[in-house]
(Lines give C-alpha, C1' and ligand atoms only; values in the text may rest on other atoms or scores of the structure.)
Protein backbone atom coordinates (compact mmCIF):
# COMPACT_ATOMS: atom_id res chain seq x y z
CA UNK A 1 0.00 0.00 0.00
CA UNK A 2 1.43 3.36 -1.04
CA UNK A 3 1.91 6.32 1.28
CA UNK A 4 -0.68 8.29 -0.64
CA UNK A 5 -3.33 5.60 -0.07
CA UNK A 6 -2.47 5.38 3.61
CA UNK A 7 -2.86 9.12 4.05
CA UNK A 8 -6.23 9.00 2.31
CA UNK A 9 -7.42 6.13 4.55
CA UNK A 10 -6.26 8.00 7.65
CA UNK A 11 -8.28 11.02 6.54
CA UNK A 12 -11.37 8.89 5.86
CA UNK A 13 -11.12 7.25 9.28
CA UNK A 14 -10.49 10.54 11.04
CA UNK A 15 -13.56 12.13 9.45
CA UNK A 16 -16.03 9.21 9.57
CA UNK A 17 -15.45 8.31 13.23
CA UNK A 18 -16.80 11.61 14.60
CA UNK A 19 -19.59 11.71 12.00
CA UNK A 20 -22.03 9.71 14.18
CA UNK A 21 -21.82 12.00 17.21
CA UNK A 22 -22.01 15.01 14.89
CA UNK A 23 -25.26 13.74 13.32
CA UNK A 24 -26.77 13.01 16.75
CA UNK A 25 -25.88 16.46 18.05
CA UNK A 26 -27.16 18.31 15.00
CA UNK A 27 -30.41 16.29 15.03
CA UNK A 28 -31.12 17.23 18.64
CA UNK A 29 -30.34 20.86 17.94
CA UNK A 30 -32.64 20.82 14.95
CA UNK A 31 -35.45 19.21 16.92
CA UNK A 32 -35.16 21.96 19.48
CA UNK A 33 -35.11 24.60 16.78
CA UNK A 34 -38.38 23.15 15.37
CA UNK A 35 -40.25 23.49 18.70
CA UNK A 36 -41.78 26.90 17.75
CA UNK A 37 -42.92 25.45 14.45
CA UNK A 38 -44.64 22.56 16.23
CA UNK A 39 -46.37 25.05 18.54
CA UNK A 40 -47.48 27.02 15.52
CA UNK A 41 -48.96 23.88 14.02
CA UNK A 42 -50.91 23.20 17.19
CA UNK A 43 -52.10 26.80 17.39
CA UNK A 44 -53.21 26.76 13.76
CA UNK A 45 -55.26 23.63 14.29
CA UNK A 46 -56.83 25.11 17.41
CA UNK A 47 -57.56 28.32 15.51
CA UNK A 48 -59.23 26.37 12.72
CA UNK A 49 -61.35 24.42 15.15
CA UNK A 50 -62.32 27.52 17.13
CA UNK A 51 -63.23 29.44 14.01
CA UNK A 52 -65.37 26.58 12.70
CA UNK A 53 -67.17 26.18 16.01
CA UNK A 54 -67.79 29.90 16.31
CA UNK A 55 -69.18 29.98 12.77
CA UNK A 56 -71.46 27.02 13.42
CA UNK A 57 -72.71 28.49 16.70
CA UNK A 58 -73.37 31.87 15.11
CA UNK A 59 -75.23 30.18 12.24
CA UNK A 60 -77.33 28.11 14.64
CA UNK A 61 -78.29 31.15 16.72
CA UNK A 62 -79.15 33.15 13.63
CA UNK A 63 -81.41 30.30 12.36
CA UNK A 64 -83.15 30.03 15.73
CA UNK A 65 -83.72 33.78 15.95
CA UNK A 66 -84.99 33.88 12.37
CA UNK A 67 -87.42 31.01 12.90
CA UNK A 68 -88.61 32.48 16.21
CA UNK A 69 -89.15 35.86 14.56
CA UNK A 70 -86.72 37.65 16.84
CA UNK A 71 -84.87 39.02 13.86
CA UNK A 72 -86.83 40.62 11.01
CA UNK A 73 -85.90 39.38 7.53
CA UNK A 74 -85.28 41.29 4.37
CA UNK A 75 -87.37 40.02 1.47
CA UNK A 76 -85.91 40.12 -2.02
CA UNK A 77 -87.99 39.57 -5.16
CA UNK A 78 -87.77 40.69 -8.70
CA UNK A 79 -84.32 42.12 -9.31
CA UNK A 80 -81.91 40.36 -6.92
CA UNK A 81 -78.27 40.92 -6.06
CA UNK A 82 -75.92 38.37 -7.55
CA UNK A 83 -75.31 36.26 -4.37
CA UNK A 84 -79.03 36.11 -3.63
CA UNK A 85 -79.97 35.34 -7.25
CA UNK A 86 -77.36 32.57 -7.32
CA UNK A 87 -78.94 31.11 -4.20
CA UNK A 88 -82.44 31.37 -5.65
CA UNK A 89 -81.38 29.61 -8.82
CA UNK A 90 -79.86 26.78 -6.85
CA UNK A 91 -81.82 23.86 -5.43
CA UNK A 92 -80.89 24.69 -1.84
CA UNK A 93 -83.59 25.56 0.71
CA UNK A 94 -81.34 27.61 2.92
CA UNK A 95 -77.75 28.87 2.88
CA UNK A 96 -75.35 30.64 5.22
CA UNK A 97 -72.79 33.01 3.79
CA UNK A 98 -70.11 35.41 4.96
CA UNK A 99 -70.48 38.93 3.76
CA UNK A 100 -69.67 42.45 4.79
CA UNK A 101 -66.31 44.19 5.17
CA UNK A 102 -63.65 41.47 5.64
CA UNK A 103 -66.33 38.82 6.27
CA UNK A 104 -67.69 40.53 9.41
CA UNK A 105 -71.38 39.74 8.65
CA UNK A 106 -73.20 36.40 8.74
CA UNK A 107 -76.01 36.07 6.15
CA UNK A 108 -78.83 33.54 6.37
CA UNK A 109 -80.89 33.02 3.20
CA UNK A 110 -84.10 30.99 2.91
CA UNK A 111 -86.02 30.20 -0.31
CA UNK A 112 -89.64 31.36 -0.26
CA UNK A 113 -92.69 29.19 -1.01
CA UNK A 114 -94.32 29.17 -4.49
CA UNK A 115 -96.97 31.48 -3.16
CA UNK A 116 -94.26 34.07 -2.46
CA UNK A 117 -93.42 34.17 -6.17
CA UNK A 118 -89.84 33.05 -5.57
CA UNK A 119 -89.03 35.70 -3.00
CA UNK A 120 -85.91 35.17 -0.86
CA UNK A 121 -85.80 36.08 2.81
CA UNK A 122 -82.41 37.18 4.14
CA UNK A 123 -81.28 37.62 7.78
CA UNK A 124 -77.95 39.23 8.63
CA UNK A 125 -76.04 39.57 11.90
CA UNK A 126 -72.55 40.86 12.79
CA UNK A 127 -70.09 38.13 13.70
CA UNK A 128 -67.95 40.24 15.95
CA UNK A 129 -64.75 39.38 14.03
CA UNK A 130 -63.39 39.45 10.51
CA UNK A 131 -63.61 35.91 9.17
CA UNK A 132 -61.46 36.74 6.11
CA UNK A 133 -58.57 37.81 8.35
CA UNK A 134 -58.98 34.68 10.43
CA UNK A 135 -58.95 32.47 7.33
CA UNK A 136 -55.86 34.24 5.98
CA UNK A 137 -53.97 33.81 9.24
CA UNK A 138 -54.93 30.17 9.31
CA UNK A 139 -53.79 29.62 5.70
CA UNK A 140 -50.44 31.29 6.37
CA UNK A 141 -49.91 29.15 9.44
CA UNK A 142 -50.80 26.00 7.53
CA UNK A 143 -48.38 26.92 4.72
CA UNK A 144 -45.60 27.36 7.24
CA UNK A 145 -46.43 24.15 9.05
CA UNK A 146 -46.99 22.19 5.84
CA UNK A 147 -43.33 22.74 4.82
CA UNK A 148 -41.25 19.57 5.45
CA UNK A 149 -38.52 21.38 7.35
CA UNK A 150 -37.05 18.22 8.80
CA UNK A 151 -36.55 16.55 5.44
CA UNK A 152 -35.29 19.75 3.81
CA UNK A 153 -32.85 20.35 6.65
CA UNK A 154 -31.35 16.89 6.57
CA UNK A 155 -31.15 16.91 2.77
CA UNK A 156 -29.39 20.27 2.75
CA UNK A 157 -27.15 19.32 5.64
CA UNK A 158 -26.23 15.97 4.05
CA UNK A 159 -25.41 17.55 0.68
CA UNK A 160 -23.31 20.25 2.34
CA UNK A 161 -21.39 17.74 4.48
CA UNK A 162 -20.82 15.43 1.53
CA UNK A 163 -19.56 18.30 -0.63
CA UNK A 164 -17.17 19.56 2.06
CA UNK A 165 -15.95 16.03 2.74
CA UNK A 166 -15.31 15.31 -0.93
CA UNK A 167 -13.47 18.60 -1.40
CA UNK A 168 -11.35 17.88 1.69
CA UNK A 169 -10.64 14.34 0.44
CA UNK A 170 -9.54 15.72 -2.93
CA UNK A 171 -7.24 18.22 -1.21
CA UNK A 172 -5.80 15.46 0.99
CA UNK A 173 -5.26 13.30 -2.09
CA UNK A 174 -3.45 16.13 -3.88
CA UNK A 175 -1.28 16.87 -0.83
CA UNK A 176 -0.54 13.17 -0.36
CA UNK A 177 0.41 12.92 -4.03
CA UNK A 178 2.72 15.92 -3.73
CA UNK A 179 4.46 14.37 -0.72
CA UNK A 180 4.47 10.76 -1.88
CA UNK A 181 5.71 11.30 -5.45
CA UNK A 182 9.19 12.62 -4.48
CA UNK A 183 9.47 9.89 -1.84
CA UNK A 184 8.57 7.30 -4.48
CA UNK A 185 11.14 8.80 -6.87
CA UNK A 186 13.74 8.75 -4.10
CA UNK A 187 12.91 5.11 -3.31
CA UNK A 188 13.27 4.11 -6.96
CA UNK A 189 16.59 5.97 -7.13
CA UNK A 190 17.82 4.14 -4.01
CA UNK A 191 16.95 0.84 -5.64
CA UNK A 192 18.86 1.85 -8.74
CA UNK A 193 21.82 2.96 -6.63
CA UNK A 194 21.77 -0.35 -4.75
CA UNK A 195 21.72 -2.09 -8.13
CA UNK A 196 24.97 -0.38 -9.16
CA UNK A 197 23.66 2.59 -11.14
CA UNK A 198 25.84 5.34 -9.65
CA UNK A 199 24.85 7.86 -12.33
CA UNK A 200 21.25 8.07 -11.16
CA UNK A 201 20.06 11.44 -9.85
CA UNK A 202 16.71 12.70 -8.55
CA UNK A 203 15.75 16.20 -9.78
CA UNK A 204 14.17 18.40 -7.13
CA UNK A 205 13.24 22.04 -6.62
CA UNK A 206 12.00 21.68 -3.03
CA UNK A 207 13.66 23.20 0.02
CA UNK A 208 11.78 21.26 2.71
CA UNK A 209 12.83 18.05 4.47
CA UNK A 210 12.09 15.93 1.39
CA UNK A 211 14.13 18.31 -0.78
CA UNK A 212 17.04 18.15 1.68
CA UNK A 213 16.87 14.35 1.67
CA UNK A 214 16.89 14.33 -2.14
CA UNK A 215 19.86 16.70 -2.25
CA UNK A 216 21.70 14.50 0.25
CA UNK A 217 20.99 11.46 -1.94
CA UNK A 218 22.32 13.23 -5.03
CA UNK A 219 25.50 14.23 -3.17
CA UNK A 220 25.95 10.69 -1.89
CA UNK A 221 25.43 9.25 -5.38
CA UNK A 222 27.98 11.70 -6.78
CA UNK A 223 30.52 10.80 -4.11
CA UNK A 224 29.92 7.07 -4.65
CA UNK A 225 30.37 7.50 -8.40
CA UNK A 226 33.62 9.38 -7.89
CA UNK A 227 34.85 6.80 -5.37
CA UNK A 228 33.92 4.00 -7.78
CA UNK A 229 35.79 5.68 -10.62
CA UNK A 230 38.82 6.25 -8.43
CA UNK A 231 38.77 2.66 -7.21
CA UNK A 232 38.58 1.38 -10.76
CA UNK A 233 41.43 3.63 -11.77
CA UNK A 234 43.57 2.57 -8.81
CA UNK A 235 42.80 -1.07 -9.60
CA UNK A 236 44.00 -0.53 -13.14
CA UNK A 237 47.12 1.16 -11.81
CA UNK A 238 47.77 -1.79 -9.51
CA UNK A 239 47.63 -4.14 -12.49
CA UNK A 240 50.06 -1.98 -14.41
CA UNK A 241 52.33 -1.80 -11.38
CA UNK A 242 52.65 -5.58 -11.33
CA UNK A 243 53.47 -5.54 -15.02
CA UNK A 244 55.98 -2.70 -14.51
CA UNK A 245 57.80 -4.56 -11.72
CA UNK A 246 58.03 -7.70 -13.81
CA UNK A 247 59.27 -5.80 -16.87
CA UNK A 248 61.82 -3.88 -14.82
CA UNK A 249 63.19 -7.10 -13.34
CA UNK A 250 63.42 -8.91 -16.66
CA UNK A 251 65.03 -6.06 -18.62
CA UNK A 252 67.44 -5.09 -15.86
CA UNK A 253 68.89 -8.59 -15.76
CA UNK A 254 69.80 -8.29 -19.43
CA UNK A 255 71.05 -4.71 -19.50
CA UNK A 256 73.91 -5.08 -17.02
CA UNK A 257 75.79 -7.87 -18.91
CA UNK A 258 75.32 -6.02 -22.21
CA UNK A 259 76.84 -2.82 -20.85
CA UNK A 260 79.78 -4.64 -19.23
CA UNK A 261 80.49 -6.71 -22.33
CA UNK A 262 80.49 -3.74 -24.69
CA UNK A 263 82.71 -1.66 -22.40
CA UNK A 264 85.15 -4.56 -22.01
CA UNK A 265 85.26 -5.05 -25.78
CA UNK A 266 86.20 -1.44 -26.33
CA UNK A 267 88.74 -1.45 -23.48
CA UNK A 268 90.66 -4.49 -24.84
CA UNK A 269 90.80 -3.15 -28.35
CA UNK A 270 94.24 -1.52 -27.80
CA UNK A 271 95.85 -2.74 -30.95
CA UNK A 272 94.06 -2.46 -34.24
CA UNK A 273 95.09 -3.38 -37.75
CA UNK A 274 92.87 -0.79 -39.34
CA UNK A 275 91.83 2.68 -38.37
CA UNK A 276 88.43 2.13 -39.99
CA UNK A 277 87.78 -0.93 -37.88
CA UNK A 278 88.54 1.04 -34.73
CA UNK A 279 86.14 3.82 -35.75
CA UNK A 280 83.46 1.31 -36.59
CA UNK A 281 83.76 -0.39 -33.23
CA UNK A 282 83.60 2.93 -31.43
CA UNK A 283 80.53 3.95 -33.42
CA UNK A 284 78.85 0.62 -32.77
CA UNK A 285 79.67 0.78 -29.09
CA UNK A 286 78.29 4.32 -28.91
CA UNK A 287 75.03 3.23 -30.52
CA UNK A 288 74.68 0.24 -28.21
CA UNK A 289 75.42 2.34 -25.15
CA UNK A 290 72.83 4.94 -26.21
CA UNK A 291 70.17 2.30 -26.69
CA UNK A 292 71.00 0.79 -23.34
CA UNK A 293 70.71 4.17 -21.69
CA UNK A 294 67.31 4.62 -23.38
CA UNK A 295 66.21 1.26 -22.00
CA UNK A 296 67.46 2.28 -18.58
CA UNK A 297 65.37 5.44 -18.72
CA UNK A 298 62.32 3.37 -19.50
CA UNK A 299 63.14 1.03 -16.66
CA UNK A 300 63.45 3.92 -14.24
CA UNK A 301 60.07 5.29 -15.40
CA UNK A 302 58.40 1.92 -14.90
CA UNK A 303 60.06 1.54 -11.52
CA UNK A 304 58.85 4.97 -10.45
CA UNK A 305 55.36 4.14 -11.66
CA UNK A 306 55.30 0.84 -9.75
CA UNK A 307 56.77 2.23 -6.54
CA UNK A 308 54.61 3.12 -3.55
CA UNK A 309 56.37 6.05 -1.79
CA UNK A 310 55.22 6.94 1.71
CA UNK A 311 52.71 9.80 1.76
CA UNK A 312 53.43 12.54 4.31
CA UNK A 313 50.63 15.13 4.18
CA UNK A 314 51.31 18.57 5.63
CA UNK A 315 49.92 22.10 5.24
CA UNK A 316 51.22 23.59 1.99
CA UNK A 317 51.16 27.10 0.57
CA UNK A 318 50.11 26.04 -2.92
CA UNK A 319 50.58 29.48 -4.49
CA UNK A 320 54.22 29.60 -3.34
CA UNK A 321 54.89 26.08 -4.63
CA UNK A 322 53.39 26.94 -8.03
CA UNK A 323 55.53 30.07 -8.34
CA UNK A 324 58.63 28.12 -7.26
CA UNK A 325 58.02 25.36 -9.85
CA UNK A 326 57.43 27.93 -12.59
CA UNK A 327 60.62 29.81 -11.68
CA UNK A 328 62.47 26.48 -11.82
CA UNK A 329 61.09 25.63 -15.28
CA UNK A 330 61.61 29.07 -16.85
CA UNK A 331 65.26 28.33 -17.53
CA UNK A 332 64.34 25.14 -19.42
CA UNK A 333 61.63 26.85 -21.47
CA UNK A 334 62.56 30.52 -21.91
CA UNK A 335 60.47 30.71 -25.08
CA UNK A 336 57.19 30.36 -23.11
CA UNK A 337 55.41 33.13 -21.19
CA UNK A 338 53.96 32.32 -17.75
CA UNK A 339 51.11 33.92 -15.82
CA UNK A 340 50.12 33.02 -12.25
CA UNK A 341 46.77 33.96 -10.70
CA UNK A 342 46.35 33.16 -7.00
CA UNK A 343 43.13 34.02 -5.17
CA UNK A 344 43.71 36.03 -2.02
CA UNK A 345 43.09 34.40 1.37
CA UNK A 346 43.27 30.91 -0.12
CA UNK A 347 43.79 28.43 2.76
CA UNK A 348 46.61 25.94 2.80
CA UNK A 349 46.23 22.52 1.25
CA UNK A 350 46.98 19.30 3.13
CA UNK A 351 49.08 17.05 0.87
CA UNK A 352 52.53 15.51 0.37
CA UNK A 353 54.92 18.23 -0.84
CA UNK A 354 57.00 15.94 -3.07
CA UNK A 355 53.91 14.50 -4.73
CA UNK A 356 52.47 17.97 -5.37
CA UNK A 357 55.76 19.18 -6.88
CA UNK A 358 55.89 16.10 -9.11
CA UNK A 359 52.33 16.77 -10.29
CA UNK A 360 53.13 20.41 -11.09
CA UNK A 361 56.36 19.57 -12.93
CA UNK A 362 54.53 17.05 -15.11
CA UNK A 363 51.63 19.39 -15.96
CA UNK A 364 53.85 22.44 -16.54
CA UNK A 365 56.31 20.47 -18.70
CA UNK A 366 53.45 19.12 -20.81
CA UNK A 367 51.95 22.61 -21.09
CA UNK A 368 55.30 24.12 -22.16
CA UNK A 369 55.82 21.46 -24.85
CA UNK A 370 52.25 21.98 -26.10
CA UNK A 371 52.51 25.80 -26.12
CA UNK A 372 55.79 25.86 -28.04
CA UNK A 373 57.69 28.93 -29.20
CA UNK A 374 55.91 32.14 -28.13
CA UNK A 375 53.21 30.23 -26.31
CA UNK A 376 51.62 31.07 -23.01
CA UNK A 377 50.88 29.14 -19.81
CA UNK A 378 48.33 30.22 -17.18
CA UNK A 379 48.47 28.77 -13.65
CA UNK A 380 45.59 29.53 -11.26
CA UNK A 381 45.16 28.78 -7.55
CA UNK A 382 41.76 29.19 -5.87
CA UNK A 383 39.38 27.54 -3.49
CA UNK A 384 36.56 25.36 -4.89
CA UNK A 385 34.11 24.39 -2.13
CA UNK A 386 36.18 22.37 0.39
CA UNK A 387 39.13 21.82 -1.98
CA UNK A 388 42.12 23.79 -3.21
CA UNK A 389 42.20 23.87 -7.01
CA UNK A 390 45.35 24.27 -9.13
CA UNK A 391 44.62 24.90 -12.81
CA UNK A 392 47.16 24.77 -15.63
CA UNK A 393 46.14 26.14 -19.07
CA UNK A 394 48.23 26.33 -22.23
CA UNK A 395 47.83 28.01 -25.60
CA UNK A 396 48.68 24.88 -27.55
CA UNK A 397 46.54 23.06 -30.12
CA UNK A 398 44.53 21.26 -27.44
CA UNK A 399 43.64 17.58 -27.16
CA UNK A 400 41.91 15.38 -29.69
CA UNK A 401 38.80 13.41 -28.80
CA UNK A 402 40.83 10.19 -28.75
CA UNK A 403 43.36 11.75 -26.37
CA UNK A 404 40.58 12.92 -24.03
CA UNK A 405 39.10 9.43 -23.73
CA UNK A 406 42.36 7.70 -22.77
CA UNK A 407 44.38 10.57 -21.34
CA UNK A 408 45.20 8.98 -17.96
CA UNK A 409 45.68 5.41 -19.18
CA UNK A 410 49.21 4.00 -18.60
CA UNK A 411 51.49 3.38 -21.64
CA UNK A 412 49.30 5.54 -23.87
CA UNK A 413 51.17 8.64 -25.02
CA UNK A 414 50.42 11.24 -27.66
CA UNK A 415 53.90 12.83 -27.60
CA UNK A 416 56.73 11.83 -29.88
CA UNK A 417 59.10 10.77 -27.10
CA UNK A 418 56.52 10.19 -24.37
CA UNK A 419 56.04 6.91 -22.54
CA UNK A 420 52.41 7.41 -21.44
CA UNK A 421 53.21 7.26 -17.71
CA UNK A 422 53.51 10.94 -16.75
CA UNK A 423 49.84 11.80 -16.37
CA UNK A 424 49.10 8.38 -14.87
CA UNK A 425 51.78 8.96 -12.22
CA UNK A 426 50.50 12.52 -11.64
CA UNK A 427 46.91 11.40 -11.15
CA UNK A 428 48.04 8.57 -8.89
CA UNK A 429 49.92 11.12 -6.77
CA UNK A 430 46.81 13.31 -6.59
CA UNK A 431 44.64 10.37 -5.54
CA UNK A 432 47.16 9.37 -2.87
CA UNK A 433 46.96 12.95 -1.57
CA UNK A 434 43.18 12.73 -1.23
CA UNK A 435 42.42 14.67 -4.41
CA UNK A 436 42.23 14.11 -8.15
CA UNK A 437 43.16 15.56 -11.56
CA UNK A 438 40.40 16.58 -13.97
CA UNK A 439 40.47 17.64 -17.59
CA UNK A 440 38.71 21.00 -18.01
CA UNK A 441 38.12 23.51 -20.79
CA UNK A 442 41.28 25.49 -21.54
CA UNK A 443 41.12 29.24 -21.11
CA UNK A 444 43.96 29.93 -23.59
CA UNK A 445 42.65 27.85 -26.47
CA UNK A 446 44.60 24.70 -25.60
CA UNK A 447 44.31 22.05 -22.91
CA UNK A 448 43.34 22.70 -19.29
CA UNK A 449 43.86 20.58 -16.17
CA UNK A 450 42.57 21.04 -12.62
CA UNK A 451 44.29 19.48 -9.61
CA UNK A 452 42.04 19.18 -6.53
CA UNK A 453 43.66 18.88 -3.09
CA UNK A 454 42.08 18.82 0.39
CA UNK A 455 41.94 22.20 2.15
CA UNK A 456 43.37 22.62 5.62
CA UNK A 457 40.21 24.25 6.96
CA UNK A 458 36.56 24.33 5.83
CA UNK A 459 36.05 28.07 6.31
CA UNK A 460 33.52 29.90 4.22
CA UNK A 461 33.56 33.17 2.36
CA UNK A 462 34.23 34.54 -1.05
CA UNK A 463 37.71 35.32 -2.35
CA UNK A 464 38.68 38.89 -1.60
CA UNK A 465 40.73 39.39 -4.74
CA UNK A 466 43.21 38.02 -7.25
CA UNK A 467 46.97 38.47 -7.00
CA UNK A 468 48.72 38.22 -10.34
CA UNK A 469 52.42 37.57 -11.12
CA UNK A 470 53.67 37.30 -14.68
CA UNK A 471 57.01 36.85 -16.41
CA UNK A 472 58.86 35.42 -19.32
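The values are calculated or read from the model by the stated rules, or taken from the named source; none is laboratory data. Just so you know, these numbers come straight off a predicted model, no measurement behind them. Using ideal geometry, Cβ is built from the backbone for each residue, glycine included, and neighbour counts are taken over all protein chains shown.
Side notes on the structure shown:
- First in region 169-183 and at pLDDT 75 or above, second anywhere and surrounded by 15 or more Cβ atoms within 10 Å (Cβ to Cβ) and not in a helix (DSSP H, G or I), Cβ under 7 Å, 6 or more apart: 182/204
- Under the condition of being surrounded by fewer than 17 Cβ atoms within 10 Å (Cβ to Cβ), within 19 Å of residue 315 (Cα to Cα) and in contact (Cβ under 8 Å) with a residue 24 or more places away in the chain, the residues counted in region 358-394 number 2.
- Inspection of region 346-357 finds a residue satisfying the criterion of being assigned by TED's automatic domain parsing to the domain that holds residue 432, closer than 12 Å to residue 318 by Cα, crowded, with 21+ Cβ neighbours inside 10 Å and within 40 Å of the chain's Cα centre (by Cα).
- Filter result (assigned to a helix (DSSP H, G or I) and over 15 Å from residue 355 (Cα atoms)) within region 321-333: 323, 326, 327, 328, 329, 330
- If you go through region 41-100 and keep only what is touching a strand residue (DSSP E or B) at 6+ places or on another chain (Cβ under 8 Å), part of a helix (DSSP H, G or I) and farther than 25 Å from residue 129 by Cβ, you end up with just 88.
- Checking the stated criteria, residue 17 turns out not to satisfy the condition of being within 60 Å of the chain's Cα centre (by Cα) and either over 30 Å from residue 161 (Cα atoms) or at pLDDT 70 or above (or both).
Results for (1) under 20 Å from residue 45 (Cα atoms); (2) modelled with pLDDT of 75 or more; (3) out of contact with any helix residue (DSSP H, G or I) (no Cβ under 7 Å at 6 or more places or on another chain), shown as yes or no for each residue.
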position	(1), (2), (3)
133	yes, yes, yes
146	yes, no, yes
161	no, yes, yes
188	no, yes, yes
196	no, yes, yes
211	no, yes, yes
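- Among the conditions (1) modelled with pLDDT of 90 or more; (2) part of a loop (DSSP other than H, G, I, E, B), residue 409 misses just one, which is (1).
- Filter result (in a loop (DSSP other than H, G, I, E, B) and within 20 Å of residue 225 (Cα to Cα)) within region 167-213: 195, 196, 197, 198, 199, 200, 201, 202, 203, 204
- Selected residue [out of contact with any helix residue (DSSP H, G or I) (no Cβ under 7 Å at 6 or more places or on another chain) and modelled with pLDDT of 75 or more] from 192, 152: 192
- Residues of region 336-355 that turn out to be in contact with a helix residue (DSSP H, G or I) (Cβ under 6 Å, 6 or more places away or on another chain) and in a helix (DSSP H, G or I), as a count: 1
- For region 443-465, the criterion of being in a strand (DSSP E or B), modelled with pLDDT under 75 and over 28 Å from residue 238 (Cβ atoms) is satisfied by no residue at all.
- Index of the failed condition, residue 318 passing every other in (1) surrounded by fewer than 20 Cβ atoms within 10 Å (Cβ to Cβ); (2) touching a residue at least 60 places away in the same chain (Cβ under 8 Å): (1)
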